[in-house]
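One structure below.
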Amino acid sequence: MICDRIGRIWATRVLCTIWAIGIAIFMAGGVKGSLGAIYAGRFIAGLGVGQTPVVGPIYIAEIAPQAVRGVCTCFFTGAVYLGIVLAYFTNYGAALNISNTSHNQWLVPTSLHIIFSGIIIILMFLQYESPRFLVKQGKPDEAAMVLGRLRQQAPDSDYVVEQISTIQAALDRELEATQGVGWLGKVKEMFLNKSNLYRLYLSTMVQFLSQWSGAGSITLYAPDLFAILGITGSEEGLLVTGVFGIVKLIAAISCALFLVDVIGRKRALLTGITFQTISMVYVAAFLTSVPELGVVDGFVLPEKDKAASRGAIAMIYLSGFGWALGWNSMQYLLTAELFPLRIRALATSWAMTLHFANQYGNSRAVPNMLLPDAAGGISPKGTFWCFAAVTFVGGVWVWFSVPETSGRSLESMDHLFELPWYRIGLYGNKDAEARDVAHDEKQQVANEERAQTVQKEEVA
């Protein structure tokens, strides 16, 4: 709700400040050996960093032109992987060059939090507030000035005037259909409006299926999973993990630049899920054929299986590419662009709450899942077969349920959800295009009538 009350820019500044303060308390607690301070610092930092995936994608989606909205928003995920790469290699460097007995071995990697939160705070003073937020706050003139600066046009240019008018008209329609004032009214709009409820269903399923597809677990437990696949030695594991982070970073940026807005959201999502499914099936099959690997300490991989092991490691890298192209881009992009302006921040907060809840549940479940059957787990092979099944089911769900949002303005998203729920995924785009044509024709007729009226008044 803070995003809707004080704006996208100030919300980012406040959240990053909270994030930095929390990390500082955490570090101080670690040095002094205070477990309470460590918990408090992590909790406070979580309050700040947990909201950045809400504010960041919303702000980017609201200021970016619709033709490149996917590129701009997906750069947010690229920035996430930049942080992951830096974290991986900082851990690797600290393990190599700093003594295990020194606090600096964990203080140096942890200090990245404060560095980057500080950079964000400073850079946000150079940013403009979202024009859509300003319209929502009843400041259309200020919104026109900001949009003009962003598009390098005059505030009274035809383009800017048309865009602000469209945003205002969409907001007016939302207010006419409002279910009440305040946050309770927004909650009612989310759950009682059929169109919004379907969008809520989409964002909920995206978070659930993406987190349980296994890619997030691979990122979190990469050194352990690479060890299961035959990588021995802690330093070697950290290095291979760092390379994995680079692969995901390059994949995220490449997908943002060349695929998401070029081939469309749905096709990119299905392509990424396909790569991820193939990868998970291969790794699961490899672990099924070599069940002792990663289960018995000291197990030596037979020479005949080393090529297959390297193939499994390559497949982990391929799964990272598929994840960057598919679920990871969409879990931020779709939730930021699906919802109407009035409930966008609240609905995105709902989606990101589910994101972190499922991420937490998955992170706690995977170590237990990797245990052998006798210890109450489902073994590494069972874990990857589970990931493969969830990813495959996710692909089927995307095909039947998710419409294409690429190239569509935020204010015209409603046209995608006019059909019955079971037809939206397959036929929503065709129906929306027909509604766009009808709307444009009505608008053209209205403009012509207005021009004729003005001309008659001038003659009179």
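The values are calculated or read from the model by the stated rules, or taken from the named source; none is laboratory data. No experiment lies behind these values; they were computed from the predicted model shown. Virtual Cβ from ideal backbone geometry, glycine too; neighbours counted across all protein chains shown. Each accessible area value is taken on the protein alone, full model and side chains, heavy atoms only, with ligands, DNA and RNA left out. Shrake-Rupley method; radii C 1.70, N 1.55, O 1.52, S 1.80 Å.
Pick out the one residue from Gly48, Gly22, Gly30 that is more than 19 Å from Gly245 (Cβ to Cβ), open to solvent by less than 20 Å² (accessible area, probe 1.4 Å), assigned to a helix (DSSP H, G or I) and at pLDDT 90 or above. First the steps, then the outcome.
Working: Gly48 fails: at pLDDT 90 or above; Gly30 fails: at pLDDT 90 or above.
Testing whether each residue is more than 19 Å from Gly245 (Cβ to Cβ), open to solvent by less than 20 Å² (accessible area, probe 1.4 Å), assigned to a helix (DSSP H, G or I) and at pLDDT 90 or above leaves just Gly22.
For the stretch 350-380, how many residues are surrounded by fewer than 22 Cβ atoms within 10 Å (Cβ to Cβ) and more than 25 Å from the chain's Cα centre (by Cα)?
11
Looking only at the stretch 117-147, count every residue that is assigned to a helix (DSSP H, G or I) and more than 28 Å from the chain's Cα centre (by Cα) and tell me the total. Lay out the reasoning, then the answer.
Here is the first cut: in the stretch 117-147, the ones assigned to a helix (DSSP H, G or I) are 117-124, 131-136, 140-147.
From what's left, more than 28 Å from the chain's Cα centre (by Cα): 140-142, 144-145.
Total meeting the criteria: 5.
Which numbered condition in (1) open to solvent by less than 40 Å² (accessible area, probe 1.4 Å); (2) over 22 Å from the mean Cα position of the chain (by Cα); (3) among the small types (Gly, Ala, Ser) is the only one that Gly7 fails?
(2)
Looking at the stretch 430-454, I want the residues that are closer than 17 Å to Glu418 by Cβ and have a partner that is in a helix (DSSP H, G or I) and modelled with pLDDT of 75 or more with Cβ atoms under 7 Å, at least 6 apart or on another chain. Which pairs are those?
Listed pairs, sorted by first residue: Ala432/His415; Ala432/Leu416; Arg435/His415; Asp436/Ser412; Asp436/His415.
Could you check how many residues of the stretch 20-64 are under 21 Å from Ile9 (Cα atoms) and under 24 Å from the mean Cα position of the chain (by Cα)? Walk me through it before giving the result.
Applying the first criterion (under 21 Å from Ile9 (Cα atoms)) to the stretch 20-64 yields 20-22, 44-64.
Still in the running and under 24 Å from the mean Cα position of the chain (by Cα): 20, 22, 44-64.
So the answer is 23.
Kindly establish whether Ala40 is open to solvent by 20 Å² or more (accessible area, probe 1.4 Å), in a helix (DSSP H, G or I) and either without any contact (Cβ under 8 Å) to a residue 60 or more places away in the chain or not acidic (Asp, Glu) (or both). Break it down into steps so the answer makes sense when it comes.
Numbers: open to solvent by 20 Å² or more (accessible area, probe 1.4 Å): yes; in a helix (DSSP H, G or I): yes; either without any contact (Cβ under 8 Å) to a residue 60 or more places away in the chain or not acidic (Asp, Glu) (or both): yes.
Yes; evaluated as a whole, the condition is true for this residue.
Can Arg69 be described as within 14 Å of the chain's Cα centre (by Cα) and basic (Lys, Arg)? If you could, list the steps in order and put the result at the bottom.
Values: within 14 Å of the chain's Cα centre (by Cα): yes; basic (Lys, Arg): yes.
When the stated conditions are applied, Arg69 passes them.
Which numbered condition trips up Phe43, out of (1) of a type outside the set (Gly, Ala, Ser); (2) modelled with pLDDT of 85 or more; (3) in contact with a helix residue (DSSP H, G or I) (Cβ under 6 Å, 6 or more places away or on another chain)?
If we test Phe43 against (1) of a type outside the set (Gly, Ala, Ser); (2) modelled with pLDDT of 85 or more; (3) in contact with a helix residue (DSSP H, G or I) (Cβ under 6 Å, 6 or more places away or on another chain), just (3) comes out false.
Restricting to the stretch 303-344, give me the number of residues that are more than 22 Å from Ile63 (Cβ to Cβ) and outside any helix (DSSP H, G or I).
So the answer is 1.
Restricting attention to the stretch 97-108, does a residue exist that is under 24 Å from Val240 (Cβ atoms) and in contact (Cβ under 8 Å) with a residue 40 or more places away in the chain? Before you say what the answer is, go through the steps one by one.
Of the residues in the stretch 97-108, the ones under 24 Å from Val240 (Cβ atoms) are 97-100, 105-106, 108.
Applying the additional criterion that residues be in contact (Cβ under 8 Å) with a residue 40 or more places away in the chain yields 106.
There is at least one residue in the stretch 97-108 that is under 24 Å from Val240 (Cβ atoms) and in contact (Cβ under 8 Å) with a residue 40 or more places away in the chain.
Take Asn447 and tell me if it is modelled with pLDDT of 70 or more and either in contact with a Pro (Cβ under 7 Å, 6 or more places away or on another chain) or over 18 Å from Asn196 (Cα atoms) (or both). Steps first, answer last, please.
Numbers: modelled with pLDDT of 70 or more: no; either in contact with a Pro (Cβ under 7 Å, 6 or more places away or on another chain) or over 18 Å from Asn196 (Cα atoms) (or both): yes.
It is false that Asn447 is modelled with pLDDT of 70 or more and either in contact with a Pro (Cβ under 7 Å, 6 or more places away or on another chain) or over 18 Å from Asn196 (Cα atoms) (or both).
Residues of the stretch 339-357 being touching a residue at least 60 places away in the same chain (Cβ under 8 Å) and more than 15 Å from Phe191 (Cβ to Cβ), which ones? Steps first, please.
Here is the first cut: in the stretch 339-357, the ones touching a residue at least 60 places away in the same chain (Cβ under 8 Å) are 339-352, 354-356.
Matches in the stretch 339-357: Leu341, Arg344, Ala345, Thr348, Met352, His355, Phe356.
Quick one: in the stretch 185-226, of everything that is among the β-branched types (Val, Ile, Thr) and surrounded by fewer than 18 Cβ atoms within 10 Å (Cβ to Cβ), which residue is farthest from the chain's Cα centre (by Cα)? Let's see the steps before the verdict.
At the first step, the residues of the stretch 185-226 found to be among the β-branched types (Val, Ile, Thr) are 187, 204, 206, 218-219.
Okay, now just the ones that are also surrounded by fewer than 18 Cβ atoms within 10 Å (Cβ to Cβ), so 187, 204.
On the way: Val187: 22, Thr204: 12 Å.
Step by step, filter the stretch 185-226, then rank; the result is Val187.
Would you check which residues across the stretch 387-419 are over 28 Å from His439 (Cα atoms) and free of Cβ contacts under 8 Å to residues at least 24 places away in the same chain and list them?
Answer for the stretch 387-419, where residues must be over 28 Å from His439 (Cα atoms) and free of Cβ contacts under 8 Å to residues at least 24 places away in the same chain: Ala389, Val396.
Please give the helices (runs of 4 or more DSSP H) falling wholly within the stretch 152-223 in which 3 or more residues are more than 25 Å from Tyr128 (Cβ to Cβ) and without any contact (Cβ under 8 Å) to a residue 12 or more places away in the chain.
Values: elements: 158-176, 182-192, 194-211, 215-220.
Where helices (runs of 4 or more DSSP H) fall fully within the stretch 152-223 and carry at least 3 residues being more than 25 Å from Tyr128 (Cβ to Cβ) and without any contact (Cβ under 8 Å) to a residue 12 or more places away in the chain, they are 182-192.
What residue, of Leu126, Leu150, is aliphatic (A, V, I, L, M) and under 19 Å from Cys16 (Cα atoms)?
Leu126
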